[in-house]
Every structure is written in structure tokens, then in C-alpha cells.
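The values are calculated or read from the model by the stated rules, or taken from the named source; none is laboratory data. Just so you know, these numbers come straight off a predicted model, no measurement behind them. Don't worry about glycine lacking a Cβ; one is built from the backbone with ideal geometry, like all the others, and counts go over all protein chains shown. The protein model used for the area step is the full one, side chains on, heavy atoms only, and it has no ligands, DNA or RNA in it. Shrake-Rupley method; radii C 1.70, N 1.55, O 1.52, S 1.80 Å.
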Amino acid sequence: MIAFPQSDLRWAIHSAAALLSFSAAGSPPQRLRRLCISASADDGRTTPKPSVCTADELHYVPLPNNEWNLSLWRYLPSSQRSRRNHPLLLLSGVGTNAIGYDLAPGSSFARHMSGQGFDTWILEVRGAGLSARNSVKDPHQGKFEGISEEQLSSTDEGLRDAAQISSITSQLGDFCNRLGEIIDESQQPITQFTGLHNRFSITLGDFWKQLHLIGKYNWDFDHYLEEDVPIAMDYIRNQSRPKDGKLLAIGHSMGGILLYAMLSQDGYRGKNTELASVITLGSSLEYTTSRSSLKMLIPFVDPAKAVNLPVVPVGALLAAIYPLASYPPYLLSWLNPQISAQNMMHPELFERLVLKNFCTIPAKLLSQLSTAFGKGGLRNRSGTFFYKDHLHKTNVPVLALAGDKDLICPPEAVYETVKLIPENLATYKVFGEPRGPHYAHYDLVGGRMAYYQVYPRIIEFLSRHDIC
């Protein structure tokens, strides 16, 4: 029986450290799954869909001069409604995949929008969801493959990857120990959670499958902004063929931050925007005036830098500690409201979201995003460009939505950014009532009342600006 210190996040982190250290002393699972994805080396194309992809089509778009293929989930417009003039791009939050927009058949924002006539696309940026790295190419079959166990043991590249895996696993243990030292809370032992070890072991098994890629997780926010999103937009434009060449875009959390940053860059450069309208859901370029719980991520940055760790395995950690938040005695009960307000999601849907939607985050990305808590807000990687400074130059209509119980991006943080947009172009709305329902960070996308209260407002705004 394993004893755990009762200190909320510190307890979970120390448990992770112990298990990661145990994993480092052992070896990888008996076989690393071979990843085979139909794709084109020259341009994007639709591919056979894995079962996890519930979209109508799955497309892959190669990044120029890069080993990554971005994945795009496409939901075709319903034949029962007239097709809209512009395709709709959905951008997800930091360290999340497409599942957040398509959680289940009866809880799918993406499917709902396609049912309203929008050609809807979800972008999974590099490292997220089904996006894939071209580590090995089979020229005869036109496929890209991951590294198999045989390759790890029989080639020079495999030997280097194996050494890197051992190094990263050790760094993860050091990282967790350093993080635990930062989070100084009570130390009373708890002994009834032996099941946590099994859950974390399963989580680590999934994490092992990614380890040969993790050394390549060396990108930041600006890579998404300057490479991933523009490439995806070009591909969608070529597929959907809007008459004016523009897209509609919705961004949740970091997805909305990307859209704000794009509008600011276009304004600074005097560039004609390629967006017909923008909607942000729980997004801001600066958090200094709010009590955002996103500050919890800041302690992850310094420990990761200290041990030279390229990634923070947020998805693995959340999956491991989820039972402590959702089952008696609810030792991490503070975690659930960060995602969804009370009674806004069915427990099974909430569990699927936590276990399936979160990914590994590059330390460089986390480090750049942490500048949003400094004076002047989010900056570029060199620290010379503040993205909020040129937002007032945009000519794109923006709808900024906030949740009244959003602890990650509170309404005051959302307003801090949207107030910079010209008044005739900006619309600001907070969802939630004093007696309920309330909206936390994810509820604007997938809360049970979003279908009735949020979606109609989004559709009305998009329809008003869907003019070529």
C-alpha cells in the first residue's frame, strides 16, 4: 500500500515523481505501436480515419520545411440547410485536441455548426491529437511511420532515441520533484489510494509511446501563430473556395489568444486580414488585472527550465490525478471547477474530456504564454512585440464571450483585451446568472446549457458577418 502526502497538487506531483523514477529504472513497453498514417509528402489530403476521429473527413497538411503534419477534422455542411459563404475554423486551447469540440454525438459543437450550414474545420496544431511527425517515410506506400521497437534497438538513430528517452524520463522525475518542492502544503499521509498507482502506470504506458517524439517538442506560441494557423487557413481556403478568400474563426482559450495575436500582427503590418469575423471563448492577451487560476501553470515553467525538460506532460498528470478530484474523499475537488461549473456536464462526458482531450505541452510554449501575466501582456519570443499594442488597428468584427465562473480566464480578463478593439467592431458578453446556470472555462463550448444559450448567440454573430 502506497502512502501519499495530503497536499493536493503537491501530493499528486510527488506520486508522479515516484512512478516516473520507477519507470526510468525499467524499460519501455514490450512493443511501441507503429504509427501508420496515409499522407502526402507534397500537399494535404484526406486520409482513412482512426476510430477516435468522429469527423466526416480527416485531412493532413504538411508544414513546409518541417517534419510535422497538422491534422484537420472536417465536418461537412448539412444538406438540409443552405451552405454558408465562409468556412469555419475552430482553434482549441493549450495542450488540447479536437475532442473538446466534438465530445460525443449529443455534445458536439463542431457537429452543431455543420448542421447550421458551416463547412467546419478543427485544427490540431503540431503535437496535438492526431497531428503526426514524418519520422520515417515509406516511399512505396506513401505513408509516414513512427519508430518501431525494432528500429529503436537496431539503428544508430534508434540508439540515440533510446538514450534520449532515458534522459527525458529521468528529467521528468527531477521536474516533478522540483515542482513538488515549490508547492508547499500540508504533509499528512493518506493510504487508501493504491488504485492511483495502477492508473498512473497505464497513463505512463501511453506516454511511453510518445517519448521518441518528445525531443522534437521544441516550439512555442509564435510557431503556431506564424506557421501552423496560416498553413491550415490556406489549406481550408483551397478546399472550401470562399469567394472573398476569407474564413470565419472561433478560438477557445489559447485558440482565441492566437486569433487576437493574428489580428494585432495584421494591424501592425497594415495587412488585409483573411478573417471575416472572430469569436473568442474565454481568451485574453493579459491576465495581470485578474485572479486567473492559470497562474498555477507558472510553477511548471521554472522547474522545467531547471532540468532542461522539453515538455510538461499535462495530459498524463491530469489523467492520473482525475480520481482524486471526482471520487470520495475528493482531495482534489478544486480541479473540476477549473474546467466546468457544477451540474453543467454529465459525469461521463466530463471524464471523457479530462482523460481524452489533454496533451503534452512543450516547455517553450508554456514559457512564452506565461508572459501574459507580466506587464504589457503576451509578448513574442524575443520580447520585443506586445500583441495587445496593435489590436486597436483591426478592422475585423469580434465577439468575445466569457463565463461568469471561469476561473482560468475570468470575465475581467476577457474584457481587458476586448476593450482595446474599436467599439464599433467589438461585442462583449458574459454568460451565467446569479442563481445559475453558471459557466466555467469549458462550458462555453460543451456545457449542457451552451446549446440553448451560447450557440444561438454565436450563430447569429457569424451569420451577420457571413457576407462575401
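Go through Ser253, Ser264 for me and flag whichever is open to solvent by 10 Å² or more (accessible area, probe 1.4 Å), among the hydroxyl-bearing types (Ser, Thr, Tyr) and at pLDDT 95 or above. Going through Ser253, Ser264 in turn, just one is open to solvent by 10 Å² or more (accessible area, probe 1.4 Å), among the hydroxyl-bearing types (Ser, Thr, Tyr) and at pLDDT 95 or above: Ser253.
Among the residues of the range 396-409, just one is touching a residue at least 40 places away in the same chain (Cβ under 8 Å), in contact with an Asp or Glu (Cβ under 9 Å, 6 or more places away or on another chain) and open to solvent by 10 Å² or more (accessible area, probe 1.4 Å), namely Lys405.
Results for (1) surrounded by fewer than 24 Cβ atoms within 10 Å (Cβ to Cβ); (2) touching a residue at least 40 places away in the same chain (Cβ under 8 Å); (3) not in a strand (DSSP E or B), shown as yes or no for each residue.
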position	(1), (2), (3)
Pro64	yes, yes, yes
Leu72	no, yes, no
Pro77	yes, yes, yes
Arg81	yes, no, yes
His86	no, yes, yes
Leu90	no, yes, no
Phe118	no, yes, yes
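Does Ile421 qualify as being closer than 24 Å to Phe109 by Cα and open to solvent by less than 30 Å² (accessible area, probe 1.4 Å)? No: the conditions fail for Ile421.
Can Arg464 be described as of a type in the set (D, E, K, R) and more than 15 Å from Ile257 (Cβ to Cβ)? Can you show your working first?
Details: of a type in the set (D, E, K, R): yes; more than 15 Å from Ile257 (Cβ to Cβ): yes.
Criteria met by Arg464.
Based on this model, can you work out whether Pro362 counts as assigned by the TED database to the domain that holds Val278 and in contact (Cβ under 8 Å) with a residue 24 or more places away in the chain?
The answer is no for Pro362.
Residue-wise test of (1) closer than 30 Å to Asp389 by Cβ; (2) small (Gly, Ala, Ser); (3) open to solvent by less than 30 Å² (accessible area, probe 1.4 Å).
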site: Arg435; (1), (2), (3): no, no, no
site: Val445; (1), (2), (3): yes, no, yes
site: Arg457; (1), (2), (3): yes, no, no
site: Cys468; (1), (2), (3): no, no, no
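In this structure, Lys388 does not qualify as closer than 22 Å to Ala249 by Cα and free of Cβ contacts under 8 Å to residues at least 60 places away in the same chain. Of the residues making up the range 396-418, those that are touching a strand residue (DSSP E or B) at 6+ places or on another chain (Cβ under 8 Å) and either farther than 16 Å from Leu258 by Cα or modelled with pLDDT under 95 (or both) number 6. Scanning the range 101-116 for residues that are open to solvent by 10 Å² or more (accessible area, probe 1.4 Å) and part of a helix (DSSP H, G or I) turns up Arg111, His112, Gly115. Checked against the criteria, Lys393 does not count as crowded, with 20+ Cβ neighbours inside 10 Å, basic (Lys, Arg) and out of contact with any strand residue (DSSP E or B) (no Cβ under 9 Å at 6 or more places or on another chain). Just one of the numbered conditions (1) over 27 Å from Arg83 (Cα atoms); (2) open to solvent by 40 Å² or more (accessible area, probe 1.4 Å); (3) not basic (Lys, Arg) is not true of Gln453: (1).
Within the range 360-371, does at least one residue satisfy the condition of being open to solvent by less than 30 Å² (accessible area, probe 1.4 Å) and within 22 Å of Val430 (Cβ to Cβ)? No, because not a single residue in the range 360-371 is open to solvent by less than 30 Å² (accessible area, probe 1.4 Å) and within 22 Å of Val430 (Cβ to Cβ).
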